[in-house]
Amino acid sequence: MVLVTVVGEAQCRVGFEFVFGGPNAECRDCKVKNVCFHLEENRRYKVVNIREVHHECKLHEGGVRVVEVERIPTRAAIPARSAIEGATLTYEASNCGWVGCPNYASCHPRGAAMGMKLRVLSVEEPDVDCPKGLKLKTVVLD
């Protein structure tokens, strides 16, 4: 499903991916805030089309441009017991905390935050090779 929002001129290109971080207090008086704030917080989006409409913005140097975006799935490593295609789960990031781990980005993916309800679209093979011995699978979540 295509959604309309705005992104900064510097980020305005087809294929640009971002995670919507939520409303910003500086935007409460902006005339186009509803266009920004209707996205889901902590979800990943990709710009699929750029429109010609430009607006000034307090946060983005050079203003913002109206774009069409689509929500994109997130790849994540989750406990194998939860990796069931079609299942809906409440996301919990790994509490491992080993930032130097080669799997850290998969265990703490952008686009999935603690407490989010997400659906497992697919389960990938092979299993994640966890240095701490945890039984993990890579899944695609939406």
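The values are calculated or read from the model by the stated rules, or taken from the named source; none is laboratory data. Remember, it's a predicted structure, so these values are computed and weren't measured experimentally. When we count neighbours, we look across all protein chains shown, and the Cβ atoms used for this are built from the backbone with ideal geometry, even at glycine. Quick note on the areas: whole protein, heavy atoms, side chains included, nothing else; ligands and nucleic acids left out. Shrake-Rupley method; radii C 1.70, N 1.55, O 1.52, S 1.80 Å.
Descriptive notes on the structure:
- Residues that are of a type in the set (A, V, I, L, M, F, W, C), over 13 Å from the mean Cα position of the chain (by Cα) and assigned to a loop (DSSP other than H, G, I, E, B), drawn from the stretch 98-142: Trp98, Val99, Cys101, Cys130, Leu134
- Within the stretch 20-28, not a single residue is assigned to a strand (DSSP E or B), free of Cβ contacts under 8 Å to residues at least 40 places away in the same chain and either open to solvent by less than 30 Å² (accessible area, probe 1.4 Å) or under 16 Å from Val120 (Cβ atoms) (or both).
- In the set Val32, Val69, only one residue is touching a residue at least 24 places away in the same chain (Cβ under 8 Å), closer than 19 Å to Val140 by Cβ and of a type outside the set (Gly, Ala, Ser); that residue is Val69.
- Inside the stretch 87-100, residues that are touching a helix residue (DSSP H, G or I) at 6+ places or on another chain (Cβ under 9 Å) and either among the basic types (Lys, Arg) or modelled with pLDDT of 95 or more (or both) make up a count of 1.
- The residue of the stretch 91-135 that is least open to solvent (accessible area, probe 1.4 Å), among those that are more than 24 Å from Glu17 (Cβ to Cβ) and either among the acidic types (Asp, Glu) or in contact with a strand residue (DSSP E or B) (Cβ under 9 Å, 6 or more places away or on another chain) (or both), is Cys130.
- Candidates Glu40, Glu52, filtered to the one that is in a strand (DSSP E or B) and farther than 22 Å from Pro126 by Cα: Glu52
- Candidates Ile50, Ile78, Ile84, Ile72 - the one that is touching a Leu at 6+ places or on another chain (Cβ under 9 Å) and modelled with pLDDT of 95 or more: Ile78
- Of all residues in the stretch 45-86, those satisfying the criterion of being open to solvent by less than 30 Å² (accessible area, probe 1.4 Å) and more than 17 Å from Phe20 (Cα to Cα) are Gly63, Ala76, Ala77, Ile78, Ala83.
- For first residues located in the stretch 110-135 and under 23 Å from Arg44 (Cα atoms) and touching a residue at least 40 places away in the same chain (Cβ under 8 Å), partners that are open to solvent by less than 30 Å² (accessible area, probe 1.4 Å) and among the aromatic types (Phe, Trp, Tyr) and lie 6+ apart or on another chain with Cβ distances below 7 Å form the pairs Ala112/Tyr91; Ala113/Tyr91; Met116/Tyr91; Leu118/Tyr91.
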